[in-house]
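FYI, it's all coordinate maths here, none of it is from the lab. Model, not experiment: these values are computed from the prediction. Backbone-built Cβ (ideal geometry, glycine too); neighbour counts: all protein chains shown.
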Amino acid sequence: MNRPITAKTALLKISMLFLIPFFLFMFGLNVYSNTIYRQRLTENNQTRLTMFESFLEEDLKNVEYFMSDMIANDGGFNALRYPLSYVDSYLQVQQLQEKFESVMKTIDSISAFCIISPKSNITNGPFRKNVSYDEKENIKTYLNQLVKEKGDGAITDWRVQQIGEKYYFLKIMGLGGVYSSCIIDVGNVSTIEEIGSENSYLVFEENGEILSYQEQMKELGIRVQEGKTSYLTGSRRDQFVVMSYSEILNCCLMLVEPYRGIWSMESLPLIMLLLSVFFAILLLRCYRMLKRDFLNPLEQMVETMEQIGDDGLESRLCVRNQVKEYKKMESTFNAMMDRIKELKILAYVRLIQAQQTELQYYQIQIRPHFFLNCMKNLYAMTAARKYTQMQEMILTLSEYLRAVLKDHDMIVPLEKELDSVRSYVKLQQMSSARPPEYEEDVSPQLMQFGIPPMSLLTFVENSFKYEKSGEGAMQILIKARLFLDGEEKFVNITIMDNGKGFPEEVLEILNDPEKRMPGEHMGINNVEQRFSLVYQKPCSFVYSNMNGACVDIFIPFEEARRPTVNL
């Protein structure tokens, strides 16, 4: 039986077997001619830089062509130059966003596309997921101010612009007071790749200032030398720089790579051949040792982890190895799995009880709000002696209450929830001097989609509660669409009105997941809590003002299609 050894000892033996000859080999390489090496490095890096520049410029030309074609031929873009209703403006912007997103899928370097129309108060467009909320707001604010101040003077070729703390490549095109802008984060275009234990950087420079990887360049001591296309720099003169000017971007591209000079030897090819054979044999031996002492145990661990994911908590780790640390890991891991299984059973029982209590509380709490509003409307009609309308309203209300009071489901089809909304709007139309207008735009495939009951109705009630007094009729729009975000499907339900909208301080709280709305806004918090209890994956609520209040709900489609509640 083999004597157990520690992982540290095993790694040290394998490392010494490989590293000692390796250092001898590196010493031999240092005799290579530094002049020849630098010349070849310059040629190779110039080729790499030229290829990268050509690919990048090709992408930018494609973007310019797309923007020009859209401005000249796109009916939706041209329609924004003229006065439109809120809904028409929203739909046109949505269609343009879909076209922008299709371009962003083909060109990964684009951070955002924006439509700017000061007349229509539109500054919107799709952004990459890695763009933070603050960055989005900075970009929108800058573009809006730029277009308002300069108008058509803001239309320029590609240029470098600092927005907030970041640098961007910016392109603005437009006509007739409507503009399209493409924004590319310089950091997204810049690249970094590993070369052994060091890194190679592709960065951008303008007027002697480095625009990306500033901290890394400062640590390396990189200094820009104007007028030179290749040179050595760095705090230790250990970095090699190759530069090229881009006519399209109006700035320089820099390839910064670690420099390793070596001396030339006439017998180097023979030495390289012999050493290559030696290292091939040595690597084979090292690989067999690594596979026996480390790779095989790791594969066993991975297999066990996969079995745990497939079969639950019944799998156990079995390491066929004599390394002490692996043996200890095996016993500790198996004991941990036994304990996790016990705790999971206990936690599952408690979770069932807590979810059942909390979900029933929220579902019961939401209904009285609507019933009280209906009673107020009936009271108002009685005072006005509108007995015929009152009778019709009572019949409509009785049909609605019959459906609501017998509904004890945790979810209902979207179609049924829309029936409730229609009944409520009809009641409002019967009791209002300015009957509200209601519109639906729902994909037929989502009519049987399951959502918590009385959820959309809560937002519709809020619309009537905060409608503008003394102005036109209330307009309400409910949309439901299924869309793909990467590899995941989401259902997007939108409730919009033309009322007062949300106050800014309320918007800030509503869009902050760490805060909860007190007092009169408890209904919104109620709806969010019920969604979080019904679906296993988190649902997103986005609140905004677009000529009124706008609520966007994003629900994972797979979970929502077959929602599960542990009751």
- Task: Mind counting the residues in segment 470-503 that are over 27 Å from the mean Cα position of the chain (by Cα), more than 16 Å from Ala549 (Cα to Cα) and buried (at least 20 other Cβ atoms within 10 Å of the Cβ)?
- Result: 0
- Task: Considering each of Glu193, Glu226, Glu206 in turn, give the residue that is touching a residue at least 12 places away in the same chain (Cβ under 8 Å), charged (D, E, K, R) and within 19 Å of Glu53 (Cα to Cα).
- Result: Glu206
- Name the pairs: first residue in segment 122-134 and among the hydroxyl-bearing types (Ser, Thr, Tyr), second residue part of a strand (DSSP E or B), Cβ to Cβ under 8 Å, at least 6 apart or on different chains? Thr123/Cys114; Thr123/Ile115; Thr123/Ile116; Thr123/Ser117
- Task: State whether one or more residues within segment 463-483 are hydrophobic (A, V, I, L, M, F, W, C), in a helix (DSSP H, G or I) and under 19 Å from Tyr535 (Cβ atoms).
- Result: no
- Item | Restricting segment 142-181 to residues that are without any contact (Cβ under 8 Å) to a residue 24 or more places away in the chain and not in a helix (DSSP H, G or I), the residue that is surrounded by the fewest Cβ atoms within 10 Å (Cβ to Cβ) | Glu165
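Could you check segment 183-261 for strands (runs of 3 or more DSSP E) lying wholly inside it with 2 or more residues that are more than 33 Å from the chain's Cα centre (by Cα)?
The qualifying strands (runs of 3 or more DSSP E) are 230-233, 239-246.
Do we have any residue at all in segment 173-190 that's out of contact with any strand residue (DSSP E or B) (no Cβ under 8 Å at 6 or more places or on another chain), under 24 Å from Val103 (Cβ atoms) and among the small types (Gly, Ala, Ser)?
In the first step, residues of segment 173-190 are kept if they are out of contact with any strand residue (DSSP E or B) (no Cβ under 8 Å at 6 or more places or on another chain); the result is 175-176, 188.
Among the residues that remain, those that are also under 24 Å from Val103 (Cβ atoms) are: 175-176, 188.
Retained after the next criterion (residues that are among the small types (Gly, Ala, Ser)): 176.
Checked segment 173-190: at least one residue is out of contact with any strand residue (DSSP E or B) (no Cβ under 8 Å at 6 or more places or on another chain), under 24 Å from Val103 (Cβ atoms) and among the small types (Gly, Ala, Ser).
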- Message: Under 7 Å between Cβ atoms, which residue pairs at least 6 apart in sequence (or on different chains) link something in segment 377-394 that is over 15 Å from Ser423 (Cβ atoms) with a partner that is among the polar types (S, T, N, Q)?
- Response: Ala380/Ser431; Met381/Gln389; Met381/Ser431; Met390/Thr382
- When you go through (1) of a type outside the set (Phe, Trp, Tyr); (2) surrounded by fewer than 14 Cβ atoms within 10 Å (Cβ to Cβ); (3) in contact with a helix residue (DSSP H, G or I) (Cβ under 8 Å, 6 or more places away or on another chain) one by one for Gly75, which number turns out not to apply? (3)
